[in-house]
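Asks: Pasting in a structure now, in structure tokens, and then I'll have a few things to ask.
Nothing in this text is a laboratory measurement; each read-out follows from the coordinates by a stated rule. What you are looking at is a predicted structure, and each value in this text was computed from that prediction instead of being measured. Because the Cβ atoms are built from the backbone with ideal geometry, glycine has one as well, and the counts that use them run over all protein chains shown.
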Amino acid sequence: MISPKDVSILDINSGECGVPPSVLMGNAGRALAEIISREHSGGSVLFVLGTGNNGGDGLVAARHLSEGGHPVSVLLAREPARIRSTIARKAFHSLPVNVRVLVMESMEKEDLERTFESAEIIVDGLLGSGASGEPRGVYRDAVEMMNASGRPVISIDIPTGVGTPVHVNARRTVTFHDVKDSMVVDGTPRPECGELEIAEIGIPREASLYVGRGDLRRIPVKGPETHKGEGGKLLIVGGGPFTGAVILASLAAVKMGVDLVRVCVPRGIWEVVASASPDLIVSRLDTEDPFQLDPGVIDDMDAELEWADAVLMGPGTGRSDETVEFLRKLFISCGERGLDVVVDADGLKAISPLMQGSVRGEGCILLTPHRGELRTLLDGAGIEYDPEVLLHPLIEIEGCMQWSDEAMAAVRALIERTGCDILVKGPLDMIASPSPEHSLSDHIRRDGLLTRYNRTGVPEMSVGGTGDVLSGLCAGMMARGMSSFDSACVSAYINGRCGELAREELGTSLSASSLLERISRILQGGISFSPSASG
């Protein structure tokens, strides 16, 4: 079962996998025509269609049925000039000349009623899965006339108006790829759906297994009434012997649209971090050593933790005994407050002894190790594993590169023990979560874990700081209200795409700061996507 948003996400991701929306629409229309022919051989068919891609699926089906000898009529809700997408317009212009085309908004009520009554079968393709609210105007009239006609109705993908007081009562719904969540209540299909039939339309497995450009649609959009702070308040705790890491992470979060980013650093580097950008709120911790965090300032963090929606800890802190003790206490304090937390870099080594049991409270915890740091976490948790397996975890399964069962077994043991989500950085980033819920659960669950992969990125990203950028992106998304799993998926994709773009333009001069400069361009590119083929 998938959401309307996932429909468009999978369409876009399919295009990146070599299956464009036009192919999906062609497959959807062909599958629909075959189902209609199978059950209603020779009957006259009236397609009642909107001007979106749901209607485009119907136009393709109308062409196939007409070419197969069925008497076919198409009743458009609006003028053909209002068909929105290029592929749907192409489907309209491909209709055979013997298909009668009518436009509902220009017809008298009596003529419309006769049109509905003359059909043996009615196909409802008015509104797709992306529509919201009950149908209005000419769409409402069409729904009422379909229901009053007494003719069997087959709905395309979803019944128009499903879940609202004004809905088509379909005898059968042919839905594509998977059932849509609006069609189901408490695990049972709504009665207006009639019999459900799922038609495969060629969406490749890679479209859900791998994160793609479509997933940028998961990023929350700020509403017109949003006030400062409602778009996320992120606390970043790091720095000490290293200043660049905490700066890179902080600026990455800013680029992701977090309203407020507060950075807590030791007193010796406060001026350096504060001067990095006027967009940062930088708090100076009165540490004993000017260049390292220590447990003596943990109580000074109370106000910042109360303020934050999410916390990133670890970038650039170093690994002194005092800093490790501070980070462990900070981690525990975040858990007690139910805060969402991202742990990266030196923070991972600091908390590894805490991995012996569950560390997840009401908030989510995302760990972002590379494979060496993953071994540190597994050692801390007391989990046995084969180091060679983790060094080379990738194999091909059903034509897709992913982690082997042996490598995933170690990750699963860590996740089951701690309750954390994990993003393992590498040539193929692996993201896994114990969460029981996700709109793509049926397509990305592997042995009890939500599991996806990110294949963006370039070898030149081995330079220092790219992981700090990634952790800032992850924490920024979590502060904005995104789930830790989706935050990790989308952030890994953005980080890798920034690296790809930087290499195209800079070659071997790529640096972590060059990724920062390209985040907004990747986000902008995610807005301009091809229309949904089945929505």
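Asks: Once every DSSP H run of n ≥ 4 in the chain is given -39500 (n - 2.57) and the sum is divided by its residues, what mean residue ellipticity at 222 nm do you get, rounded to the nearest 500 deg cm²/dmol?
Replies: Theoretical 222 nm ellipticity from helices: -11500 deg cm²/dmol.
Asks: Right, here's the next one. Select from Ile87, Ser462, Thr188 the residue farthest towards the positive end of the dipole of the chain; place +1 on Cβ of Lys and Arg, -1 on Cβ of Asp and Glu, and compute about the Cα centre.
Replies: The one lying farthest along the dipole's positive direction is Ile87.
Asks: Continuing with the same structure: Mind checking the dipole of the chain: about its Cα centre, +1 per Lys or Arg Cβ, -1 per Asp or Glu Cβ, Debye to the nearest 20?
Replies: With Lys and Arg at +1 and Asp and Glu at -1, about 1420 debye.
Asks: Tell me the net charge near Val166. Cut-off is 11 Å between Cβ atoms, Val166 excluded, with +1 for each Lys or Arg and -1 for each Asp or Glu.
Replies: -2
Asks: A follow-up question, please. Assuming a ≥ b ≥ c are the square roots of the Cα gyration tensor eigenvalues, decide whether the stretch 114-245 counts as rounded (a/c under 1.5), prolate (otherwise, with a/b larger than b/c) or oblate. Don't skip to the end; give the middle numbers.
Replies: Numbers: a/c = 3.56, a/b = 2.20, b/c = 1.62.
Prolate shape, in that a/c is at least 1.5 and a/b is the bigger ratio.
Asks: Residues with amide H under 5 Å of Ile365's amide H, sequence separation 5 or more or different chain, H placed in the peptide plane at 1.01 Å from N; which?
Replies: For Ile365, the qualifying residues are Val341, Asp421.
Asks: What number comes out for the charge environment of Ala488, summing +1 per Lys or Arg and -1 per Asp or Glu over other residues with Cβ under 14 Å away?
Replies: -2
Asks: While we're looking at this one, here's another question. Classify the chain as rounded, prolate or oblate from the Cα gyration tensor: take a ≥ b ≥ c as the square roots of its eigenvalues, call it rounded if a/c is under 1.5, otherwise prolate when a/b beats b/c and oblate if not.
Replies: prolate
Asks: Now for a separate question. Search the structure for amide H atoms under 5 Å from the amide H of Val184, placed 1.01 Å from N in the peptide plane, and list their residues when 5 or more places away or on another chain.
Replies: Amide H neighbours of Val184, under 5 Å, 5+ apart: Arg190.
Asks: Then there is this: For the peptides 287-298, 501-512, what is the packing order when you average, over each peptide's residues, the other Cβ atoms within 10 Å and list the highest mean first? Numbers along the way, then the final one.
Replies: Values: 287-298: 18.3, 501-512: 16.1.
Output ranking for 287-298, 501-512: 287-298, 501-512.
Asks: Now for a different question. Rounded to the nearest 20 debye, what is the charge dipole size of the stretch 209-523 about its Cα centre when +1 sits on each Lys and Arg Cβ and -1 on each Asp and Glu Cβ?
Replies: On the way: 30 positive and 46 negative charges, 177 e Å.
Dipole size: approximately 840 debye.
Asks: With point charges of +1 on the Cβ of Lys and Arg and -1 on the Cβ of Asp and Glu, referenced to the Cα centre of the stretch 209-523, which listed residue (Ile298, Cys489, Leu423) lies farthest in the positive direction of the dipole?
Replies: Value: Cys489.
Asks: Take the alpha carbon gyration tensor of the stretch 20-202, find the square roots of its eigenvalues, order them as a ≥ b ≥ c, and report rounded if a/c is under 1.5; if not, report prolate when a/b exceeds b/c, else oblate.
Replies: Details: a/c = 1.29, a/b = 1.09, b/c = 1.18.
Rounded, because the longest to shortest axis ratio a/c is under 1.5.
Asks: Show me the GluC sites (Glu not before Pro) within the stretch 1-59 that DSSP assigns to loop and that have at most 11 other Cβ atoms within 10 Å of their Cβ. Intermediate values should be presented prior to the final figure.
Replies: Working: sites: Glu16, Glu34, Glu39; in loops: none.
Listed in order of number, the matching sites amount to none.
Asks: How big is the charge dipole of the stretch 20-202 about its Cα centre, in debye rounded to the nearest 20, if each Lys and Arg gets +1 on its Cβ and each Asp and Glu gets -1 on its Cβ?
Replies: That gives a dipole near 500 debye.
Asks: Below 8 Å between Cα atoms, with a sequence gap of 6+, how large is the relative contact order for the chain in percent?
Replies: Here the relative contact order equals 15 percent.
Asks: Evaluate E = 1/(1 + (r/R0)^6) for Val101 and Glu134, where r is the Cβ-Cβ distance and R0 equals 35 Å; express this FRET efficiency to the nearest 0.05.
Replies: With R0 = 35 Å, the Cβ-Cβ based efficiency is 0.85.
Asks: Another one. What does the charge count around Val341 come to, taking other residues whose C-beta lies under 12 Å from its C-beta (Lys +1, Arg +1, Asp -1, Glu -1)?
Replies: On the way: positive: Arg337, Arg360; negative: Asp309, Glu336, Asp340, Asp344, Glu362, Asp421.
Around Val341, the charge tally is -4.
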